[in-house]
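The values are calculated or read from the model by the stated rules, or taken from the named source; none is laboratory data. Quick caveat: nothing in here was measured; it's all calculated off a predicted structure. All Cβ positions, even for glycine, are placed from backbone atoms using ideal geometry, and neighbour counts span all protein chains on display.
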């Protein structure tokens, strides 16, 4: 009887542990798909704000309730105009929102203007060395730029970003530890 009781007890523990593992994996999948996910920075287009190799948490919930705001740092899938150049939809870009629907953006003499007002950009290492004639952001689109303005494949090159391509908003850097913190 003791052996039979031990076997029954062992099977009960295996069953309980298996259920716990399945629930944990299910919760992790739900969190990653709908709430937050980690991301790696693969380029220098967001220097000095984000370094090559930084690892971030991207939250996916806030844009269900409110639209992106100027200054938000977002992760998004390449829009059609980049996919037509060979980028895969599964790839991800990270840029700063500069203008939102209905706003007009221009770049003149090394300065970004939104609705004819110069944008204060204390996070830039250098000013953009290109010009952009005024363009109005259409509904349901954004104008996004990398903080490393002269080394960024962004809206000044390929145009407006459809809001449907947004994955989420960068909120927290967890690596490297010496740069740990909110973004």
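Go over the candidates 35, 74 one by one and state the one that is more than 30 Å from residue 126 (Cβ to Cβ) and either surrounded by 11 or more Cβ atoms within 10 Å (Cβ to Cβ) or assigned by TED's automatic domain parsing to the domain that holds residue 139 (or both).
Testing whether each residue is more than 30 Å from residue 126 (Cβ to Cβ) and either surrounded by 11 or more Cβ atoms within 10 Å (Cβ to Cβ) or assigned by TED's automatic domain parsing to the domain that holds residue 139 (or both) leaves just 35.
Would you kindly identify the strands (runs of 3 or more DSSP E) lying entirely within segment 1-89 that contain at least 2 residues that are more than 21 Å from residue 167 (Cα to Cα)?
Per the criteria, no element qualifies.
Being in contact (Cβ under 8 Å) with a residue 40 or more places away in the chain and under 16 Å from residue 99 (Cα atoms) is the filter here; which residues of segment 124-159 pass it?
Once the filter is applied, which keeps residues that are in contact (Cβ under 8 Å) with a residue 40 or more places away in the chain and under 16 Å from residue 99 (Cα atoms), segment 124-159 yields 141, 142, 143, 144, 145, 146, 147, 154, 155, 156, 158, 159.
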